[in-house]
1. Specify the angular offset, from 0 to 90 degrees and rounded to the nearest 10, of the alpha carbon long axis of helix 266-278 from the longest principal axis of the alpha carbons in the chain.
2. Taking the chain as the reference, fit the longest principal axis to its C-alpha atoms, fit the long axis of helix 216-227 to the helix C-alpha atoms, and give the angle between the two in degrees, 0 to 90, nearest 10.
3. Please report the antiparallel percentage of DSSP beta bridges with both residues in the chain, rounded to the nearest 5.
4. Across all directions of projection, what mean area in square nanometres is found for the Cα convex hull of segment 254-302?
5. Restricted to Cα positions, what overall size does segment 132-260 have along the principal axes? Three whole-Å values, descending.
6. What ranking, highest mean first, results for peptides 203-214, 78-89, 347-358 when packing means the other Cβ atoms within 10 Å averaged over each residue?
7. Let me check against my output: what whole-number percent is the relative contact order of segment 529-603, with C-alpha pairs under 8 Å and at least 6 apart?
8. What FRET efficiency comes out for the pair residue 424/residue 87, r = Cβ-Cβ distance, R0 = 30 Å, nearest 0.05?
């Protein structure tokens, strides 16, 4: 039965990975924890059991802004879905609740705070009493972790589902959780006896690239012009001011770039999100306020103009690219000032000392990822406990292995300068000492009298900043988080200072837009279609866009790009042949299959 629903309703021939086992476990009334990468098909793991089991599936999600699109997508395949959240009027909510009571809803999406309201919880209780709840799905389950990057306090209350309704199976799902977060999900949601399904974290279609900051807006422009002029993508910035200035800067240069952050009016945020989901070639420039749960499959790149807070955040944010399985880029620029700024923010933030210490450790792991000279993907996967050693051949360090140099003596000079100057000065001042600069500040502190004054003239200022940046990333030097950015020595540097260890550092490469010929343009699907098929590709996209506009849904809700590509490859000539296309189920075929068959026939 699960396979027939997959084929007839959703239009896919076979389950992927562990989907079939997960569905079988839920249908057998077992609790389940699912860790599956973005784009791996988590939604089907609860949608299909909800259709098989008696009653309605309840999906708890923090993504209020996206519930409408999820419900609309299900409607297109003939599934009766509704949502309950604060965006509805009292009358609208009452009508949906009546539909739920009458058993007319297959799947109910609900925000956790709405679930906990007395009236809503009483409604759920009455449905459980009549065996009318099929399952509880807790989406984005990492939100329960107080150590995680997307903590939501209302998620802590969801243990009540097990306490009050032990007969209803639960499925908790996330794409991002290290070992510590996994354990917290298990404990806080009382999933100790649940079956665990942990899929690989690898997203082989995403190419990871990290560059040292050097005029970051120009670096971004070169990247976009070389590889993504016609693509949708997301650009993340740390501050709201940077979001707005970057979006405006790109608009002036001909890109359809929209700002998104929590300080913008709600109506503007809704409009920009809707345009991003429904239109082509839209670039969203955003803070982390945008993105969790974004289901747009054809995001061809995610760019970071500033460091995220952790490898978990980086993995989740870059995971919004290439959900359709096609080639995509994760591009980032960073510098030492990013790390200093983030550590200062962490020190000034909420949370006890243990929490702040954990945040700093996560940031240090990210810095190590940025400076790695081996396969970048392996470092990322190993962080999540998925041990890989074979080079991936699809990250910058594999495609263009970084040049390294013996920096032992230079590092000793840098560390000695930190020590002799009293461990209370920042990078700029330390570099000035090493270069023998003659300025008022150097003379003010008598630093022209230090033994390390002027001993570093074999390197220039840019090269010395690279040395200090890498020493910080390798935890030889700590950054003062009080606000002044002073550098101090860590115990780990002692063997290096004493000459008992050597140190190889990477040479910062010259800034270049593209990593390799293979990477350049690989993410643009249209460039990889045979020339004679381009007119059909454009006609199919035009048909899809018109239908989507008529229905008021994003184009991918009608069909993904992968489905259109399959149509081009197989050229179905009738409805039976169209049903064999990946992603075409019975409901969609009946609703608008004929329009696509006509386009294919007309194109010859």
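1. 80 degrees
2. So the helix axis and the longest Cα principal axis differ by about 50 degrees.
3. Restricted to the chain, the bridges split so that about 10 percent are antiparallel.
4. For the Cα atoms of segment 254-302, the hull's average projected area reads 3.6 nm².
5. 58, 30, 29
6. Packing order, densest peptide first, comes out as 203-214, 78-89, 347-358.
7. 34 percent
8. Once rounded, the FRET efficiency stands at 0.05.
Readers should treat all values here as calculations from the given coordinates under stated rules, not as data from a laboratory. Keep in mind the model is a prediction, meaning the values are calculated, not measured. Because the Cβ atoms are built from the backbone with ideal geometry, glycine has one as well, and the counts that use them run over all protein chains shown.
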